[in-house]
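J.: I'd like to ask some things about the structure below.
The values are calculated or read from the model by the stated rules, or taken from the named source; none is laboratory data. The model shown is predicted, which means the values in this text are computed figures rather than measured ones. Heads up, the Cβs are rebuilt from the backbone with ideal geometry, glycines too, and the neighbour counts pull from every protein chain shown. Surface accessibility is based on the protein's heavy atoms, side chains included, excluding ligands, DNA and RNA. Shrake-Rupley method; radii C 1.70, N 1.55, O 1.52, S 1.80 Å.
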Amino acid sequence: MSSFTLRELAAHVGASVVGDGSRRLEGVRTLEEADERHLSFYHNRKYLAAARESRAGALVVADAALFPGRDLLVCKDPYAALGKILELLHPAPRPPSGVHPTAVVARSARVAGSASVGAHAVIGERAVVGERAVVGPACVLGDDAEVGEDAVLHPHVTVEARCRVGARCILHAGVVLGSDGFGFATVAGVHHKVPQVGIVVIEDDVELGANVCVDRAALGETRVGRGTKVDNLVQIAHNVRVGEHSLLVAQSGISGSTRLGHHVVMAGQSGAVGHISLGDGTVVTAKTGVTEDTPAGAMVSGFPSRPHKEWLRAMANLFTLEELKRRVKALEEAVRQLGGKA
Amino acid sequence: MSSFTLRELAAHVGASVVGDGSRRLEGVRTLEEADERHLSFYHNRKYLAAARESRAGALVVADAALFPGRDLLVCKDPYAALGKILELLHPAPRPPSGVHPTAVVARSARVAGSASVGAHAVIGERAVVGERAVVGPACVLGDDAEVGEDAVLHPHVTVEARCRVGARCILHAGVVLGSDGFGFATVAGVHHKVPQVGIVVIEDDVELGANVCVDRAALGETRVGRGTKVDNLVQIAHNVRVGEHSLLVAQSGISGSTRLGHHVVMAGQSGAVGHISLGDGTVVTAKTGVTEDTPAGAMVSGFPSRPHKEWLRAMANLFTLEELKRRVKALEEAVRQLGGKA
Amino acid sequence: MSSFTLRELAAHVGASVVGDGSRRLEGVRTLEEADERHLSFYHNRKYLAAARESRAGALVVADAALFPGRDLLVCKDPYAALGKILELLHPAPRPPSGVHPTAVVARSARVAGSASVGAHAVIGERAVVGERAVVGPACVLGDDAEVGEDAVLHPHVTVEARCRVGARCILHAGVVLGSDGFGFATVAGVHHKVPQVGIVVIEDDVELGANVCVDRAALGETRVGRGTKVDNLVQIAHNVRVGEHSLLVAQSGISGSTRLGHHVVMAGQSGAVGHISLGDGTVVTAKTGVTEDTPAGAMVSGFPSRPHKEWLRAMANLFTLEELKRRVKALEEAVRQLGGKA
């Protein structure tokens, strides 16, 4: 394992050093697990006591004053700095280039020489795998599927026919791209399948979590915009458009043809009905079901969805109804004593 | 690509033509993407402006009066007509019959000669694959599993031992049939597994979305009725019975031993507790958690669930509590001024 | 199929016999499907009529008085007894020991001679598979992954690099262990990946349902405690700690760094926000979103979460608001008649 001095790490991330810059560090550990050989970090107030008690050799922090006498790497955004340091100290292993002998690759497929195709992977006719891309063990790419440069597909990913994955995307295990959209025409009580002939396009720098599902469009495209990050078990229905740099947290779901602007956040277990538009920067809180268009910068909660502040007040009112009922009862008694008929 | 005249397409779906019946069309596109070579369709009022602005050569519509001067295919149900036309113009490619040399098929399995078994598929002892069925790449069928005629299993589908898939079913990638039901007997704080020895039966013409899970019964069967369509990431627990022609939308879940009648709709992210019955035609709205039996034709919302109209009124009342509180405060003031003690 | 007398079965589970102890039984069936050759069981009051009408040869029951004249196996906990009897009468078939010739096993991996590795499985460098463990068809174990003695991995399970599965664990099809946690540092609107360099540890005797996702820790471990049972489609985020003997029901989700004590229950479609602690024995009801720490033994509901009884009262009040509004209106009228200004 390579090691670096605190001073070297600080230079790497553009941070400053407080304390002993020559201290040598060989890895990053949690506050609890770190010892003098390790860097750790302080980011969330909940863990201030743990940070103070940590035996870590040095800490990445924003505010040096909280940790007198400690060796520190001080920067504005400790979490971002941590990311860069982890890349340096714990670089991700990359499988060797080349196609595993058990992989089944169609003759007409084009797999870059620098790409890695894992054991038992299956690659369809005319499919394309870009330079340095990794197609993990047991992945299946359909006919005419495309995987961009430097993309990484973990095991058991399915990219159905004609769907496209951009450069530098990361698809975790079990992701399904290009399953049919849920489209049926019901005639006399029988649901007839409407063929789903569109595709899925995942733009560059997108990450999709484990077992995420993105349906192909009925016609045209289902599209996830550049830089968007999607957590595990998220559902993206046919013809949805997700803008750039959005965040879809675990178990959220977006119904058909709904459009999300850029920098939208869907928190955990939230959803959106079909055929609506969420403006740029909309924040959908956890468990919310968005039922109508939102303006840019909106924060919405509840189901049906409301502006977040209205919802907070409604929730507070809901839990003070006992008191309101008591006040109404007291009023009724007072009115009766005044001779009124309540 | 084959092309058809508007007149030919109209005849195919039993629709009438307005405008130039000899116009030649070679595909179906979205309103935005279509040009004069393409058919598009108008189905949802939200897209009326888009339909009028579309450069499509012809439109499938219900009401010709909305589109004066356009070439139209007019029918009662444009969406159903679209389905039939898509089958004609964009027929789904079918993999060739035969067993891929890398598939592992048990000696005692019976795979129809017209069936297709993809690369790296695994088929267990005594399993049966019907005529023209497609078992996609990397699918796993357990011992004694059965897949009916013309069924299509996309990649990475698991059909555990003894489970049965009916004719013409479509199972999308990552579907799991026959995982153990969640059954444990807790003795002195330790959860002991109750063996799940039943099976899963998927009747004919069912579609199951990507990463759907259907647990095997503790005893007997978990059963999904003929013609039912299930969206992605849905959970169906042990001993559930889903009636015919039902629709289970993405991320909904049904707890153990609950029974759904026919034509039940579970909207997105809804759920039902265990051991209850949902009457025929019940509609469960999005995010609802059904907590008790429903009569036929019910529409229920909320958690605990209530008749939909009651729930709508309650939600409206919840967001007018501020006003109610103001009125109570005004009453208190008025009563005080009248000399009462409120 | 082997058969047993009622007396033998009673001895096996430490129960007593009422009626004919020499009656011979060859299997367990549901109340509806059983005939005189079968044992069935009565456990839930909803099914008393069905139990009385059942043609089962004998019933496992807690209260013999409910079934006069029947042959019975009487014990305190019929469900636990059923589990033991099922193990005896319906023993789970176990695949033969050995590595399937199509499996790809790294030279440096250590696979116990008594273990079973299925067709098309892939096992990485230095990975360990314990005695009698079963790695199902098409499973993928990353480099340095570990699977404990007697563990069973169903098809299509992914255990990413360095993650560990304890003894006697059962992982159903499609489980993903060790996908990256959802960790990004957002700088000027762009989400930069924070490398997730920790691992997942699944302790002994844990069961994970189909398509469950457990993310690896950012640093350190994500850990699921001994004896905990997890249902299908559950999400466990990075650095979560789940205590021993907990139950996580289908489609529930736990956000990053949250800690659950032992014997916690998360009901279906429930969730917990990140960085909180749920005390031992906490019960989270269905669809709830836990938003703050809970004390041991708490029962919480709603979102934001409240003590269950408060939530129940609030829900009841919500659905009587119509009446409260009528009472306020009547008061306003009465006050006006008294000459007040309401």
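J.: Please go through (1) more than 27 Å from the chain's Cα centre (by Cα); (2) of a type in the set (A, V, I, L, M, F, W, C); (3) surrounded by 20 or more Cβ atoms within 10 Å (Cβ to Cβ) for residue C:39 and return the number of the only condition it doesn't satisfy.
T.: (1)
J.: Turning to a different aspect of this structure: Can you find, within the stretch B:246-261, the residue that is nearest to residue C:250 (Cα to Cα) among those that are within 14 Å of chain A (Cβ to nearest Cβ) and surrounded by fewer than 24 Cβ atoms within 10 Å (Cβ to Cβ)? Steps first, please.
T.: In the first step, residues of the stretch B:246-261 are kept if they are within 14 Å of chain A (Cβ to nearest Cβ); the result is B:246-253, B:261.
When the remaining residues are screened for being surrounded by fewer than 24 Cβ atoms within 10 Å (Cβ to Cβ), the result is B:247, B:261.
Numbers: B:247: 19, B:261: 22 Å.
Step by step, filter the stretch B:246-261, then rank; the result is B:247.
J.: Of all residues in the stretch B:296-313, which are within 11 Å of chain A (Cβ to nearest Cβ) and open to solvent by 30 Å² or more (accessible area, probe 1.4 Å)? First the steps, then the outcome.
T.: Our first condition is that a residue be within 11 Å of chain A (Cβ to nearest Cβ); within the stretch B:296-313, this holds for B:301-303, B:311-312.
Hits for the stretch B:296-313 are B:303, B:312.
J.: State the number of residues belonging to the stretch A:277-293 that are away from chain C (no Cβ under 14 Å), within 22 Å of residue B:302 (Cα to Cα) and open to solvent by 10 Å² or more (accessible area, probe 1.4 Å).
T.: Quick first cut of the stretch A:277-293, residues away from chain C (no Cβ under 14 Å) only: A:277-279, A:282, A:290-293.
Filter once more, keeping what is within 22 Å of residue B:302 (Cα to Cα): A:290-293.
From the residues that got through so far, the ones that are open to solvent by 10 Å² or more (accessible area, probe 1.4 Å) too are A:291-293.
Summing the residues that are away from chain C (no Cβ under 14 Å), within 22 Å of residue B:302 (Cα to Cα) and open to solvent by 10 Å² or more (accessible area, probe 1.4 Å) in the stretch A:277-293 gives 3.
J.: Mind counting the residues in the stretch C:120-131 that are open to solvent by 20 Å² or more (accessible area, probe 1.4 Å), under 18 Å from residue C:166 (Cα atoms) and not β-branched (Val, Ile, Thr)? Even if it seems obvious, please write down each step before you answer.
T.: The first filter runs over the stretch C:120-131 and keeps only residues open to solvent by 20 Å² or more (accessible area, probe 1.4 Å), leaving C:125-126, C:128, C:131.
From what is left, the residues that are under 18 Å from residue C:166 (Cα atoms) are C:126, C:128, C:131.
Now drop any that are not not β-branched (Val, Ile, Thr), which leaves C:126, C:131.
Number of matching residues: 2.
J.: Exactly one of (1) under 22 Å from the mean Cα position of the chain (by Cα); (2) not in a loop (DSSP other than H, G, I, E, B) is unmet by residue C:167. Its number?
T.: (2)
J.: Oh, and also: May I ask you to list pairs of residues, at least six apart or on different chains, whose Cβ atoms are under 8 Å apart, with the first in the stretch B:256-272 being among the charged types (D, E, K, R) and the second being open to solvent by 30 Å² or more (accessible area, probe 1.4 Å)?
T.: These pairs meet every condition: B:259/B:241; B:259/B:277.
J.: Looking at residue B:283 and the list (1) touching a helix residue (DSSP H, G or I) at 6+ places or on another chain (Cβ under 9 Å); (2) in contact (Cβ under 8 Å) with a residue 60 or more places away in the chain, which single condition is not satisfied?
T.: With respect to (1) touching a helix residue (DSSP H, G or I) at 6+ places or on another chain (Cβ under 9 Å); (2) in contact (Cβ under 8 Å) with a residue 60 or more places away in the chain, residue B:283 is out only on (2).
J.: If a residue has to be in a strand (DSSP E or B), buried (at least 24 other Cβ atoms within 10 Å of the Cβ) and more than 10 Å from chain B (Cβ to nearest Cβ) to count, how many in the stretch A:178-206 make the cut? Before the answer, list the steps.
T.: Our first condition is that a residue be in a strand (DSSP E or B); within the stretch A:178-206, this holds for A:178-179, A:184-187, A:190-193, A:199-202.
Subsequent filtering for residues that are buried (at least 24 other Cβ atoms within 10 Å of the Cβ) retains A:178-179, A:200, A:202.
Filter again for more than 10 Å from chain B (Cβ to nearest Cβ), leaving A:200, A:202.
Counting residues in the stretch A:178-206 that are in a strand (DSSP E or B), buried (at least 24 other Cβ atoms within 10 Å of the Cβ) and more than 10 Å from chain B (Cβ to nearest Cβ) gives 2.
J.: Inspect all residues belonging to the stretch B:161-171 and state whether any of them is surrounded by 21 or more Cβ atoms within 10 Å (Cβ to Cβ), aliphatic (A, V, I, L, M) and closer than 19 Å to residue A:123 by Cβ.
T.: No, because not a single residue in the stretch B:161-171 is surrounded by 21 or more Cβ atoms within 10 Å (Cβ to Cβ), aliphatic (A, V, I, L, M) and closer than 19 Å to residue A:123 by Cβ.
J.: Looking at the stretch B:55-65, is at least one residue at pLDDT 95 or above, among the β-branched types (Val, Ile, Thr) and more than 25 Å from residue B:24 (Cα to Cα)?
T.: Checking the stretch B:55-65: not a single residue is at pLDDT 95 or above, among the β-branched types (Val, Ile, Thr) and more than 25 Å from residue B:24 (Cα to Cα).
J.: Pull up the stretch A:82-119, narrow it to residues that are among the aliphatic types (A, V, I, L, M), assigned to a loop (DSSP other than H, G, I, E, B) and surrounded by fewer than 17 Cβ atoms within 10 Å (Cβ to Cβ), then point me to the one that is nearest to the other protein chains (Cβ to nearest Cβ).
T.: Narrowing the stretch A:82-119 to residues among the aliphatic types (A, V, I, L, M): A:82, A:85-86, A:88-89, A:92, A:99, A:103-106, A:109, A:111-112, A:115, A:117, A:119.
Adding the requirement that they be assigned to a loop (DSSP other than H, G, I, E, B) leaves A:92, A:103, A:106, A:109, A:112, A:115, A:119.
Checking the rest, the ones that are also surrounded by fewer than 17 Cβ atoms within 10 Å (Cβ to Cβ) come to A:92, A:106, A:112.
Values: A:92: 7, A:106: 10, A:112: 21 Å.
Of everything passing the filter in the stretch A:82-119, A:92 is nearest to the other protein chains (Cβ to nearest Cβ).
J.: Taking the stretch B:314-334, which residues are more than 7 Å from chain C (Cβ to nearest Cβ) and in a helix (DSSP H, G or I)?
T.: Within the stretch B:314-334, B:315, B:316, B:321, B:322, B:323, B:325, B:326, B:329, B:332, B:333 meet the criteria.
J.: Picking from B:28, B:74, B:61, B:18, which residue would you name as being in contact with a helix residue (DSSP H, G or I) (Cβ under 7 Å, 6 or more places away or on another chain), surrounded by 15 or more Cβ atoms within 10 Å (Cβ to Cβ) and closer than 30 Å to residue A:106 by Cβ? Spell out the reasoning first.
T.: On the way: B:74 fails: closer than 30 Å to residue A:106 by Cβ; B:61 fails: closer than 30 Å to residue A:106 by Cβ; B:18 fails: closer than 30 Å to residue A:106 by Cβ.
The conditions single out B:28.
J.: If you don't mind, there's one more thing I want to ask. Only one of (1) open to solvent by 30 Å² or more (accessible area, probe 1.4 Å); (2) under 15 Å from residue A:84 (Cα atoms) fails for residue A:6. Which number is that?
T.: So the condition that residue A:6 fails would be (1).
J.: Quick test of your reading of the structure: residue B:235 fulfils all but one of (1) over 27 Å from residue A:268 (Cα atoms); (2) surrounded by 22 or more Cβ atoms within 10 Å (Cβ to Cβ); (3) among the polar types (S, T, N, Q). Name the failing condition by number.
T.: Here residue B:235 clears every test but (1).
J.: Mind listing whichever residues of the stretch B:120-153 are assigned to a strand (DSSP E or B) and not acidic (Asp, Glu)? Let's see the steps before the verdict.
T.: Just the residues of the stretch B:120-153 that are assigned to a strand (DSSP E or B), to begin with: B:122-123, B:128-129, B:134-135, B:140-141, B:146-147, B:152-153.
Of everything in the stretch B:120-153, those that are assigned to a strand (DSSP E or B) and not acidic (Asp, Glu) turn out to be B:122, B:123, B:128, B:129, B:134, B:135, B:140, B:141, B:147, B:152, B:153.
J.: Something else now. Tell me, which residue of the stretch A:220-230 that is open to solvent by 10 Å² or more (accessible area, probe 1.4 Å) and part of a loop (DSSP other than H, G, I, E, B) is farthest from the other protein chains (Cβ to nearest Cβ)? Walk me through it before giving the result.
T.: Filtering the stretch A:220-230 for residues open to solvent by 10 Å² or more (accessible area, probe 1.4 Å) gives A:220-221, A:223, A:226, A:229.
With the extra rule that they be part of a loop (DSSP other than H, G, I, E, B), the set shrinks to A:220, A:226.
Working: A:220: 4, A:226: 10 Å.
Restricting to residues being open to solvent by 10 Å² or more (accessible area, probe 1.4 Å) and part of a loop (DSSP other than H, G, I, E, B), the top hit is A:226.
J.: Oh, and also: Which numbered condition in (1) in contact with a strand residue (DSSP E or B) (Cβ under 7 Å, 6 or more places away or on another chain); (2) farther than 20 Å from residue B:184 by Cα; (3) not small (Gly, Ala, Ser) is the only one that residue C:28 fails?
T.: (2)
J.: Yes or no: residue C:238 assigned to a loop (DSSP other than H, G, I, E, B) and at the interface with another protein chain (Cβ under 9 Å from one of its Cβ atoms)?
T.: Details: assigned to a loop (DSSP other than H, G, I, E, B): yes; at the interface with another protein chain (Cβ under 9 Å from one of its Cβ atoms): no.
Here the answer is no, as residue C:238 does not meet what is asked.
J.: Moving on to the next point. Name the residue, out of A:104, A:60, that is more than 27 Å from the chain's Cα centre (by Cα) and among the β-branched types (Val, Ile, Thr). Steps first, answer last, please.
T.: Values: A:60 fails: more than 27 Å from the chain's Cα centre (by Cα).
Result of the check over A:104, A:60: A:104.
J.: Name, by its number, the condition in (1) buried (at least 23 other Cβ atoms within 10 Å of the Cβ); (2) among the aliphatic types (A, V, I, L, M); (3) farther than 27 Å from residue A:180 by Cβ that does not hold for residue B:56.
T.: Failed condition: (3).
Per-residue answers, yes or no, for (1) part of a strand (DSSP E or B); (2) more than 22 Å from residue C:196 (Cα to Cα); (3) within 14 Å of another protein chain (Cβ to nearest Cβ):
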| position | (1), (2), (3) |
| --- | --- |
| A:32 | no, no, yes |
| A:35 | no, no, yes |
| A:43 | no, no, yes |
| A:47 | no, no, yes |
| A:52 | no, yes, no |
| A:59 | yes, no, yes |
| A:65 | no, yes, no |
| A:73 | yes, no, no |
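J.: Yes or no: the stretch B:79-93 includes at least one residue that is without any contact (Cβ under 8 Å) to a residue 24 or more places away in the chain, over 30 Å from residue C:118 (Cα atoms) and touching a Phe, Trp or Tyr at 6+ places or on another chain (Cβ under 9 Å).
T.: Yes, because at least one residue in the stretch B:79-93 is without any contact (Cβ under 8 Å) to a residue 24 or more places away in the chain, over 30 Å from residue C:118 (Cα atoms) and touching a Phe, Trp or Tyr at 6+ places or on another chain (Cβ under 9 Å).
J.: Quick one: in the stretch C:262-273, which of the residues that are within 11 Å of chain B (Cβ to nearest Cβ) and not hydroxyl-bearing (Ser, Thr, Tyr) is surrounded by the most Cβ atoms within 10 Å (Cβ to Cβ)?
T.: Narrowing the stretch C:262-273 to residues within 11 Å of chain B (Cβ to nearest Cβ): C:262-263, C:265, C:267-270.
From what is left, the residues that are not hydroxyl-bearing (Ser, Thr, Tyr) are C:262-263, C:265, C:267-269.
Values: C:262: 18, C:263: 23, C:265: 18, C:267: 23, C:268: 26, C:269: 29.
Only one residue tops the list, namely C:269.
J.: Taking only the stretch B:207-219 into account, find how many residues are facing chain C (nearest Cβ under 7 Å), farther than 20 Å from residue C:44 by Cβ and assigned to a loop (DSSP other than H, G, I, E, B).
T.: Qualifying residue count for the region: 1.
J.: Please enumerate the residues belonging to the stretch C:9-25 that are over 31 Å from the mean Cα position of the chain (by Cα), under 19 Å from residue C:90 (Cα atoms) and not in a loop (DSSP other than H, G, I, E, B). Steps first, answer last, please.
T.: In the first step, residues of the stretch C:9-25 are kept if they are over 31 Å from the mean Cα position of the chain (by Cα); the result is C:17-24.
Next, only the ones that are under 19 Å from residue C:90 (Cα atoms) stay: C:23-24.
Hit for the stretch C:9-25 is C:24, nothing else.
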